[in-house]
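Down below is the structure, laid out as structure tokens.
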Amino acid sequence: MPTIVSQAASTTPNILLLGGTTQASALAEALAARGLRATLSYAGRTAHPKPQPIPVRVGGFGGVKGLAAYLQRERVTHLIDATHPFAATMRRNAVLAAAETGTAHIVLTRPPWRAVEGDRWRHVADIPAAVDALSGPPQRVMLALGRMHVDAFAAQPHHAYLLRFVDLPETLPDLPRHVLVVDRGPFDPASDVALLQTHAIDLLVCKNAGGSGASAKLIAARTLGLPVLMIDRPPVSAAAEVYDIGTALRWLGHAADLGV
Ligand code: 3Y8
Ligand code: NAP
């Protein structure tokens, strides 16, 4: 009866990293430093996404089926979803496609921000609730929400809005009184204090993105004693979540050199 020798280590990892966050970029650096085979994926929402040290693919996959087909065709061994906490559809599709194909899957995200001493937050459930919350008298409002949902605020045209987009839009927002700043994060508190002061902002509206790349505006609002309308995260599909690069590398079995 031949003795069964133990199999060689499982196939070398071929990682698909769903990107678009500071965590995804940091993990891409770590994967490149370890010479691991990995591809970072962008949706194609911005004109000039940040260059990455690993190969990049841009564009949707075509729903759950498209992603499952990609995972099988490219023989992906590990799917790491490091998308933004508000990218709820991508999160759901990744959970379903990974289950359908039996691909190892994990979410690399960040905990929600929590109000601390000096914060003046009012929580709302979603964008429509934030629009409703602006029914009061005219104010100077910074919508730090990007481009995709700005049109919803046309229902409250009486405010003076400060908008911040990553790219110059093809058509100007349908808000009679607005100033548009084109800038991409990560941002810094001193610059955001100056921005809020320059535009004499009364109220900051933002999503509970968590992480460090967008927290500058919260520190700035706290410094200036400004109220914040905080949009809570959408409910997302259950999946194993990690909050740091080291844990993600341990999950991949490549944290040895981290000494963690
Ligand atoms: C295309 C990739 C990195 C990642 C950087 C993070 C930090 C800076 C802060 C404010 C809030 C906002 C917005 C924001 C931040 C990081 C991170 C983050 C918020 C890029 C990027 C892509 C996008 C998409 C873009 C959305 C928009 C949202 C602007 C790259 C720069 C408001 C989210 O014009 C559009 O269509 C923009 C769309 C989704 C939300 C919206 O509704 O408009 N992000 N942002 C990704 C892709 O195509 O897959 O261009 O390099 C990534 C980053 N944006 O590697 O350093 O980790 O969160 N992004 C929010 O938090 O509310 C800005 O202004 O204070
Ligand atoms: P979403 O609403 O959850 O996803 C909509 C569709 O966009 C997905 O079904 C998928 O298309 C495609 N998609 C999303 N992320 C993708 C990725 N990383 N690679 C390939 N396709 C992707 O997503 P979203 O909120 O628009 O976010 C899009 C991108 O911007 C993500 O990379 C996210 O990390 C980044 N981002 C979003 C926010 C935000 O506030 N939403 C903030 C910062 C960064 P198919 O169904 O065709 O596969």
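Summary of computed values
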{"quantity": "Residue in the stretch 130-171 that is nearest to the chain's Cα centre (by Cα), counting only those that are within 16 Å of ligand 2 (Cβ to nearest atom) and of a type in the set (Phe, Trp, Tyr)", "calculated": "Phe165"}
{"quantity": "Residue under evaluation Ala115, criteria (1) under 15 Å from Leu17 (Cβ atoms); (2) away from ligand 2 (no atom under 14 Å from the Cβ); (3) in contact with a strand residue (DSSP E or B) (Cβ under 6 Å, 6 or more places away or on another chain), criterion not met", "calculated": "(1)"}
{"quantity": "Long-range neighbours under 7 Å by Cβ, at least six apart or interchain, first residue over 18 Å from Phe61 (Cβ atoms) within the stretch 34-47, second more than 16 Å from ligand 2 (Cβ to nearest atom) and not hydroxyl-bearing (Ser, Thr, Tyr)", "calculated": "Arg34/His254; Leu36/Pro13; Leu36/His254; Arg37/Pro13; Arg37/Asn14"}
{"quantity": "Considering residues of the stretch 179-203 that are within 9 Å of ligand 1 (Cβ to nearest atom) and in contact with a helix residue (DSSP H, G or I) (Cβ under 8 Å, 6 or more places away or on another chain) only, the residue least open to solvent (accessible area, probe 1.4 Å)", "calculated": "Asp192"}
{"quantity": "Within the stretch 118-160, tally of residues that are more than 22 Å from Phe86 (Cβ to Cβ) and either within 11 Å of ligand 1 (Cβ to nearest atom) or buried (at least 17 other Cβ atoms within 10 Å of the Cβ) (or both)", "calculated": "2"}
{"quantity": "Scope the stretch 44-60; condition buried (at least 17 other Cβ atoms within 10 Å of the Cβ) and under 15 Å from Ala88 (Cα atoms); matching residues", "calculated": "none"}
{"quantity": "Residues that are away from ligand 2 (no atom under 14 Å from the Cβ) and in contact (Cβ under 8 Å) with a residue 40 or more places away in the chain, drawn from the stretch 196-214", "calculated": "Leu196, His199, Ala200, Ile201, Asp202, Leu203, Leu204"}
{"quantity": "Count of residues meeting criterion [buried (at least 17 other Cβ atoms within 10 Å of the Cβ), among the polar types (S, T, N, Q) and more than 16 Å from ligand 1 (Cβ to nearest atom)] in the stretch 86-117", "calculated": "1"}
{"quantity": "Count - residues of the stretch 219-235 that are under 15 Å from Pro111 (Cα atoms) and either in contact with a Cys (Cβ under 6 Å, 6 or more places away or on another chain) or within 15 Å of ligand 1 (Cβ to nearest atom) (or both)", "calculated": "5"}
{"quantity": "Set Val193, Val242: member being modelled with pLDDT of 90 or more and farther than 30 Å from Val76 by Cα", "calculated": "Val193"}
{"quantity": "In the stretch 215-224, the residues that are within 15 Å of ligand 2 (Cβ to nearest atom) and in contact with a Ser or Thr (Cβ under 9 Å, 6 or more places away or on another chain)", "calculated": "Ala216"}
{"quantity": "Number of the condition not met by Arg73 [criteria: (1) open to solvent by 40 Å² or more (accessible area, probe 1.4 Å); (2) without any contact (Cβ under 8 Å) to a residue 12 or more places away in the chain; (3) within 16 Å of ligand 1 (Cβ to nearest atom)]", "calculated": "(3)"}
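The values are calculated or read from the model by the stated rules, or taken from the named source; none is laboratory data. Computed from a predicted model, the values in this text were never measured in an experiment. We place every Cβ from the backbone using ideal geometry, glycine too, and count neighbours over all the protein chains shown. What goes into the accessible areas is simple: the full protein's heavy atoms, side chains included, and nothing from ligands, DNA or RNA. Shrake-Rupley method; radii C 1.70, N 1.55, O 1.52, S 1.80 Å.
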